[in-house]
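Below: the structure, in structure tokens.
The values are calculated or read from the model by the stated rules, or taken from the named source; none is laboratory data. These numbers come from a predicted model, not from an experiment. So basically every Cβ, Gly included, is an ideal-geometry build from the backbone, and we count neighbours across all protein chains shown. Keep in mind that these areas ignore ligands, DNA and RNA; they rest on the heavy atoms of the full protein, side chains included. Shrake-Rupley method; radii C 1.70, N 1.55, O 1.52, S 1.80 Å.
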Amino acid sequence: MITGPQCRAARALVEWTREFLARKADVDVAAIEAFERKLGKPTSDDRRKLEQALMDGGAVFIAENGGGVGVRLKFSPADVRRIATLEGEGGTVAMDDVP
């Protein structure tokens, strides 16, 4: 389940206002503000709705993995094609050491 700072960061990454997120998730704007500012805690149902709306908008939530929780943007289809192209370049496989 997402945290308030993750919600704020995801909203910034997808470039949504609190009002837009409130409409998308069907959650009160004041509840989102309180959650992001650590002044309140929404219901688990509201947190699920916020998380799902932000994921639908392109955010990917990263769980605790020893380095802390986080959020990033999904790769776009164009990014995926470019990465595949870059990974396919290069010629024969050899040692990476440069003399």
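Between the entries [x] 13.7; [y] 15.5; [z] 13.1, the label attached to Kirkwood radius over Cα pairs in Å calculated for this structure is [y].
Using only alpha carbon pairs under 8 Å that are at least six residues apart, calculate the relative contact order of the chain and give it in whole percent.
Values: 91 pairs, mean separation 26.8, N = 99.
For the chain, the relative contact order is 27 percent.
Highest mobility in the GNM of the chain, judged by mean-square fluctuation with C-alpha springs under 10 Å and restricted to VAL71, VAL80, VAL27, is found for VAL80. Straight-distance candidates among the lysines for linking to LYS74, with alpha-carbon spacing under 19 Å and chain neighbours fewer than 8 residues away dropped: LYS24, LYS49. Packing-based ranking of 6-12, 57-63 yields 6-12, 57-63, ordered from highest to lowest mean Cβ neighbour count within 10 Å.
Tell me the mean residue ellipticity at 222 nm calculated for the chain from its helices only (DSSP H runs of n ≥ 4, each -39500 (n - 2.57), averaged over every residue, nearest 500). Write down the numbers at each step before the final one.
Working: 5 runs with 51 residues, N = 99.
After summing the helix terms and dividing by residue count, I get -15000 deg cm²/dmol.
Element breakdown for region 1-96 at a 1.4 angstrom probe: carbon and sulfur atoms account for 53% of the accessible area.
Counting only heavy atoms of the protein chains, get the accessible area per residue of the chain (1.4 Å probe) and round it to a whole Å² value. Write down the numbers at each step before the final one.
Details: 6940 Å² over 99 residues.
Spelled out: the 1.4 Å probe surface of the chain, per residue, equals 70 Å².
A Cβ-based charge dipole, computed about the Cα centre of the chain with Lys and Arg at +1 and Asp and Glu at -1, lands at about 440 debye. The angle separating the long axis of helix 77-88 from the principal Cα axis of greatest extent in the chain is about 30 degrees.
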